[in-house]
């Protein structure tokens, strides 16, 4: 990683058992940069409202609609978005869809209000786990349940795909963390990211 000019990073479950690891990393000039909160679906009731307005991305044309909407959902100076603009992550999203299209390993979804795309979400299926990410809604469409629908649609699809766990990761104390708790997710553990300057 150093030869490529990237920060070496270590990511692990936040646990008292790993105190020695934290001490070792700190001695080697690693610094805690973030802490994720891993939240799992708590078997609550799924609200199917807006499900009829959700479409799966299945063509290059619908992928472009997804990417444009995804990008518009993640802007800087947005109090509900602690992550800022997507930058290179947009190209990553395009690349992984092209790599996995035609499989159910990775599924992208778009929520519409009439003919206008207003929210997006992603479901990754792997070894019985449905991982939800890239959930976002346009600022002007918030408060109408589209972000909630985008998330719960992934839960419903994950169940249909045969997954037994349905989860996502957010930052403790950030708006998304509280949002997911309100709609039925439960925190199971945290994970910490340590990085070292190059």
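Tell me yes or no: at least one residue of segment 61-70 is in a loop (DSSP other than H, G, I, E, B) and either over 27 Å from residue 126 (Cα atoms) or more than 19 Å from the chain's Cα centre (by Cα) (or both). The answer is no; no qualifying residue exists.
Scanning segment 100-146 for residues that are surrounded by fewer than 19 Cβ atoms within 10 Å (Cβ to Cβ) and part of a helix (DSSP H, G or I) gives 100, 139, 140, 141. The residue list 113, 47 contains one member that is over 21 Å from residue 160 (Cβ atoms), more than 16 Å from the chain's Cα centre (by Cα), in contact (Cβ under 8 Å) with a residue 60 or more places away in the chain and assigned by TED's automatic domain parsing to the domain that holds residue 149, which is 113. Residue 143 fulfils the conditions (1) in contact (Cβ under 8 Å) with a residue 24 or more places away in the chain; (2) out of contact with any strand residue (DSSP E or B) (no Cβ under 8 Å at 6 or more places or on another chain) except for a single criterion, (1). When 7, 32, 45, 17 are screened for being within 28 Å of residue 157 (Cα to Cα) and out of contact with any helix residue (DSSP H, G or I) (no Cβ under 6 Å at 6 or more places or on another chain), only 45 passes.
Looking at 143, 95, which one is out of contact with any helix residue (DSSP H, G or I) (no Cβ under 8 Å at 6 or more places or on another chain) and farther than 17 Å from residue 48 by Cα?
It is 95.
Taken together, the residues in segment 165-194 that are out of contact with any helix residue (DSSP H, G or I) (no Cβ under 6 Å at 6 or more places or on another chain) and buried (at least 16 other Cβ atoms within 10 Å of the Cβ) amount to 10.
Any chance you could count how many residues in segment 147-162 are surrounded by fewer than 21 Cβ atoms within 10 Å (Cβ to Cβ) and without any contact (Cβ under 8 Å) to a residue 40 or more places away in the chain? Qualifying residue count, segment 147-162: 3.
I'd like the full set of residues that are closer than 15 Å to residue 135 by Cα and surrounded by 15 or more Cβ atoms within 10 Å (Cβ to Cβ), limited to segment 84-99. I'd like the intermediate steps shown before the answer.
Taking segment 84-99 as the starting set, the residues that turn out to be closer than 15 Å to residue 135 by Cα are 84-86, 89-90, 93.
Scanning segment 84-99 gives 86, 90, 93.
The residue that is nearest to residue 102 (Cα to Cα), counting only those in segment 48-58 that are touching a helix residue (DSSP H, G or I) at 6+ places or on another chain (Cβ under 7 Å) and outside any strand (DSSP E or B), is 57. All conditions but one from (1) more than 18 Å from the chain's Cα centre (by Cα); (2) not in a strand (DSSP E or B) apply to residue 81; the one that does not is (1).
The values are calculated or read from the model by the stated rules, or taken from the named source; none is laboratory data. These numbers were taken from a predicted model, which means no experiment stands behind them. FYI the Cβ positions are ideal-geometry reconstructions off the backbone, even for glycines, and counts take in every protein chain you see.
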